[in-house]
Amino acid sequence: MNLLAVEKPARYMGGEMGSIQKDVADLRIALAFPDVYEVGMSHLGLRILYHILNAVDGIAAERVYAPWPDMEAQMRAAGERLTTLETATPLADCDVIGFTLQYELSYSNILNMLHLGDIPLFAAQRDDAYPLVIAGGPCAYNPEPLAPFFDAVLLGDGEEAMLEIADAVRQAKVMGESRPALLERLARIEGVYVPSFFEPSYNPDGTIAEIVPVAGGKASVRRRFLSDLDTASFPTDTVVPFMKTVHDRVAVEIARGCTRGCRFCQAGYVYRPLRERSPSTVLKIAEQALRATGYDEISLLSLSTGDYSCVTPLLTELMERYAQDRVAVSLPSLRVGTLSEGLIDEIKKVRKTGFTLAPEAGSERMRRVINKGITEADLLETAYNVYRAGWRSIKLYFMIGLPGETADDVAQIAGLARQVKDQAKRSGNPGEVNVSVSNFVPKAHTPFQWEPQISTDEILESQYLLHTELKKRKLRLKWHDAPLSFMEGVFARGDRRLAPVIVRAVELGCRFDGWGDHFSPERWQQAFRDCGIQPEWYLRRRELDEVLPWDHLDCGVSRDFLLKERELALGEAATEDCRHGKCGACGVCDFAAVANRLSAAGDPLPARDLRSAGEILPARIRLRFAKTGAMRYLSHLELITVFTRAVSRGAVPILFSQGFHPHPRFSFATATSVGVESRAEYMDLFVEDGLPAGGVLQRLNAVLPAGLKILEAERIDVKSPSLSTLIDKTRYCITFDGDCSERLPELCEQFLAHAEFVIQRKKKGEIQSLDLRGEVAALTTVASSIELVAGRGKPLEFARAIMDNVALQADDIHVEKLEVIFKDAPLP
C-alpha cells in the first residue's frame, strides 16, 4: 500500500520498538481493536494479552486496528485485504481473531474489519477454513447484538483464560477437530460463552420469552475471575509507538475492581472483587517499564486510584525516585472523598494543568440515589484545597438523565459548579471551573438495568436548561451529543435482532461512529427502517420479571442483589462500602479464591538506586544516521519521539533543557520530507561527560527500530555552531518510472537552460517565492534516475520542475538523500 497517500503512515508501519515478530508459529492470533491505531495502542487490556500470549513458545500474537477511511479507500481500490502489523498476515490466514469490545459505537468497525479481511460476517457462515472469531472486554457483558458474528466470547479477566483458549485451539488444530468440536472444547473453559449454544425466543409483544441452552450443557455462563492481581503477569517491555497516542505513557494497573457501589457504574459491578497490587510490585513494574520503553510519565490506573490502600506512600516514593529523571506521575481517576491534603500536596508536584472531580449529580438527593457517597461539603472543601494548592482550573463531571431526576436536580448542577468556583476566590486563586456533562445510559448488570433511558429530545432539553443556567453564572459547558448516547443505549441493552441492523449500517457506509465527524444518524435510522426495527423500543423501562437479553450471562453479582440496590436507590438509601465495612452479599466472593485483596501499608519497598547529585559536565555528540525502509514514512515530530524514547531506553545520559517543561537536549540538522530515504541524517546530542561517542552509537543502535541506524558518531566542541547553520547543499538521487529514462537527459537540459525557475510556496500563512534553478549546483542523469545537488527546495519540487509536471506526487518517485554538504565544517 502507498503510505504516502494516507494521513498518518505510522498507523500502518509496524516495526515499533518493543513489537514482537514471529515469522513461524504453531498458532497465530490477531488481537483486533475496532478503532484507529492511536486509540487501540492506548488500551491496557490489549497490551497485557499481547505480552502474555507472545511469552508462550509457538504462539504469535499480532495487532490489527481499524484502518482510517483514507486507508480503507486505498485497500478497496487495490483489492488488498486487512493484515496484521507484525508480519502482514491477512486476517483470514490467522488461526484466531480476538476483538476487544470496548464501546458500543465501535460495532460497525468490527464488521468492517471482518469484511476487509475477506471473512464471512456470521459465525454460521464460517467453516473450518476460516479463523475462530472471538471477543472480550466490557461490552462482552451484553454481546447479544453481536452474538451472531462471534464463535465465542470471553466474560471477565483474560490473563489466564486467554492462555487456556489458545491451548484449546492449538490442541484442536493438531487433532484436526471440526469447528463444532472446537466450540464444545471452548465451552468447557470457565468464562467462555458460545452464542450458538443458546437460543432466544420472543413473545408476541417483542420481549424475550426465554433463552434456552441448546448445546454445551450450561444454563448460564459465569465470568472468569483472576484471583490475585499481585502475582499476575504484567507487561513492562511494551510496544512503543512512533506516533503520539491517546495515552502515551507507562500505564501500571495498581488495582482492579471497586467496592464503592455507585449504582450507575457497570465497571463497579462487573470488575468485582477489589484486587490491589502491592506497592513493591507496582514500583518494580514502573522501574522495569520506564527502562524498557523510554517514557517519561507513569500513570497509576484503577477505577478509583485515590481509593488504593497505599496511594499516598506509593506516590511519595515514586516522586522521590524519579524526580531527578524528570518522570511525571499521574493519577487519572480520583474520588472527592479520598483526596486528603497530603495527597493533593504530592499530586501538585507533577500535575500542572487542570484537576478533575466527578460529583456525577448536582443535588444531594441524586447523589444519594446513585450511592455516590460524597456530600456538597466534601466537594467544596476538596475544591478549596485544590485551589489553595495552586491549581488554576477544575473540571467537574456530571451526568444527566439519571433515574428519578427532575429539572431542579439538573439546575442544581449549575449552582454547585458556581459554589466550586467561589472556592477559588476564597483561596485567593483566580481559578476557573469547566463543567462536562454526559448522558446516562443504563447498562447491563447494574441496579439501573431495568430503568428507561431518557429520549434524545429530553437530553437536548436538559442540556439547554443547563447551558442557560451555567451561562448566567459565567461558566462553560461541554456536553456529549444526544444522538451518540441514543445509539449507545440501543446497543448496550439490545438483543440479537439488532445484528442485521449493524450489517445494513455498514453496507450504508457507517464507520467510526464514536467519532462525531464520522457518525451519521441518518444512515443508522435508514438501517433501522430497512430492518423493521424501532430503536426507541430498546430504551424503554424493563419489567422486573422480564427476561433480559443478558440474563444467561453471570457477572458474579446476583440478580437479587441488584434488585435490592434498586429499591435502596428509590428510597435514597446508602449501601456501605464493603472494603472496610460489612459484606453486602453481592454474590461475587467465595472468600477463598475470589475475595477482596487489599495491600498492607507496611509492605516493604524495593531498594532505591540513588545517584550522585554532583556537578554534571556536558559533552556534545554529533551523529550521522540512516532512515530507510518503513522508517522513511516517519514525520519529523515522530522521529523526535523515537529518539526521545531511544535515549532513555538505551541509558544514554542525555541532558535536559531548563524551564517549566524540560526536554532532552538534541537537535536535528533538517526536517527531511516524509517518504525520503536517507543515509545522511544528522543530529547533535548533549550528554553527561564520560560516555564516549562510540558508546552513544552502540547504545542507540541496540534499541532503535529496524530502518534507523547510527552510522557515525563524533564528539565535538559544546560551543560549535548549530547544524542548521552549517548546511550548504544536499545531494539526492531521485528515481522516476522507467518509461521516462530516455527523456530524462533532455528534460534536465531544458531545466538547466532556464535563467530562473521560480515557484510559490505557502508557509505559515505567507506566500514565499523560491528560485529552484538558482538553488541547483549539479544535475546529472543515470538511467531513470537523476542525481541532484541543491540548496533550498524539496526533492518533489525539483522533480515537478524538471519533469514539467505539477501533478507529480511523492508516491510517483523514489527519493534517497545521499549526502549533506557542509560549509567548510568537517564531517564526522
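The values are calculated or read from the model by the stated rules, or taken from the named source; none is laboratory data. Given the structure is predicted, the values throughout are model-derived calculations rather than measurements. Neighbour counts are summed over all protein chains in view; Cβ atoms, including those assigned to glycine, are modelled from backbone coordinates with ideal geometry. The protein model used for the area step is the full one, side chains on, heavy atoms only, and it has no ligands, DNA or RNA in it. Shrake-Rupley method; radii C 1.70, N 1.55, O 1.52, S 1.80 Å.
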TODO: Starting from residues that are outside any loop (DSSP other than H, G, I, E, B), in contact with a Ser or Thr (Cβ under 8 Å, 6 or more places away or on another chain) and of a type outside the set (D, E, K, R), keep the ones in region 224-267 and report whichever is nearest to Ile20 (Cα to Cα).
DONE: Val240
Open item on the list: Can you tell me which residue is nearest to the chain's Cα centre (by Cα) among those in region 353-407 that are buried (at least 19 other Cβ atoms within 10 Å of the Cβ) and of a type in the set (Val, Ile, Thr)?
Closed with: Ile394
TODO: Would you point out which residue out of Ile59, Ile97 is open to solvent by less than 10 Å² (accessible area, probe 1.4 Å) and out of contact with any Pro (no Cβ under 8 Å at 6 or more places or on another chain)?
DONE: Ile59
Open item on the list: Please verify whether Ser720 is within 30 Å of Met803 (Cα to Cα), of a type in the set (S, T, N, Q) and open to solvent by 30 Å² or more (accessible area, probe 1.4 Å), treating the condition exactly as stated.
Closed with: no
Open item on the list: I need the full set of residues from region 305-338 which are open to solvent by 20 Å² or more (accessible area, probe 1.4 Å), in contact with a helix residue (DSSP H, G or I) (Cβ under 8 Å, 6 or more places away or on another chain), in a loop (DSSP other than H, G, I, E, B) and of a type in the set (Ser, Thr, Tyr), in order please.
Closed with: Ser333
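Here's the yes/no breakdown for (1) open to solvent by 10 Å² or more (accessible area, probe 1.4 Å); (2) touching a strand residue (DSSP E or B) at 6+ places or on another chain (Cβ under 8 Å); (3) within 17 Å of Ile48 (Cβ to Cβ); (4) not aromatic (Phe, Trp, Tyr):
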| position | (1), (2), (3), (4) |
| --- | --- |
| Phe242 | no, no, no, no |
| Glu253 | yes, yes, yes, yes |
| Arg256 | yes, yes, yes, yes |
| Arg260 | yes, no, no, yes |
| Ala267 | yes, no, yes, yes |
| Arg272 | yes, no, no, yes |
| Arg275 | no, yes, yes, yes |
| Ser280 | yes, no, no, yes |
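May I ask you to say which residue of Leu484, Leu470, Leu498 is over 25 Å from Leu548 (Cβ atoms) and either among the hydrophobic types (A, V, I, L, M, F, W, C) or surrounded by fewer than 20 Cβ atoms within 10 Å (Cβ to Cβ) (or both)?
Every option except Leu470 fails the conditions.
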- [ ] Residue by residue through region 416-453, note down the ones that are over 30 Å from the mean Cα position of the chain (by Cα) and among the β-branched types (Val, Ile, Thr).
- [x] Val420
TODO: Residues being crowded, with 20+ Cβ neighbours inside 10 Å and within 26 Å of Gly79 (Cα to Cα): count how many of those fall in region 13-28.
DONE: 3
TODO: Scan region 670-712 residue by residue and report those that are open to solvent by 40 Å² or more (accessible area, probe 1.4 Å), modelled with pLDDT of 95 or more and within 17 Å of Ile821 (Cα to Cα).
DONE: Arg679, Leu711, Glu712
Task: Among (1) under 26 Å from Val270 (Cα atoms); (2) touching a residue at least 12 places away in the same chain (Cβ under 8 Å) - the single one Thr231 does not satisfy - done: (2)
Task: Counted residues, region 322-343 - those being of a type in the set (Val, Ile, Thr) and more than 29 Å from Arg645 (Cα to Cα) - done: 2
- [ ] Test each condition in (1) in contact with a strand residue (DSSP E or B) (Cβ under 8 Å, 6 or more places away or on another chain); (2) buried (at least 22 other Cβ atoms within 10 Å of the Cβ) for Tyr107 and report the one that comes out false.
- [x] (1)
Open item on the list: Going by what's in this entry, would Asp545 be described as under 33 Å from the mean Cα position of the chain (by Cα), over 28 Å from Ser599 (Cα atoms) and in a loop (DSSP other than H, G, I, E, B)?
Closed with: no
- [ ] Being modelled with pLDDT of 65 or more and aliphatic (A, V, I, L, M) is the filter here, so list the residues in region 608-625 that pass it.
- [x] Ile616, Leu617, Ala619, Ile621, Leu623
- [ ] Please identify the pairs in which a residue from region 363-376 that is touching a residue at least 24 places away in the same chain (Cβ under 8 Å) has its Cβ atom under 8 Å from the Cβ atom of a residue that is of a type in the set (Asp, Glu) and assigned to a helix (DSSP H, G or I), counting only partners at least 6 apart or on another chain.
- [x] Ser363/Asp408; Ser363/Asp409; Arg365/Asp409; Met366/Asp409; Asn371/Glu565; Glu376/Glu364
TODO: Can you tell me which residue among Lys425, Lys443, Lys421 is open to solvent by 20 Å² or more (accessible area, probe 1.4 Å), over 30 Å from Glu320 (Cβ atoms), out of contact with any Lys or Arg (no Cβ under 6 Å at 6 or more places or on another chain) and not in a helix (DSSP H, G or I)?
DONE: Lys443
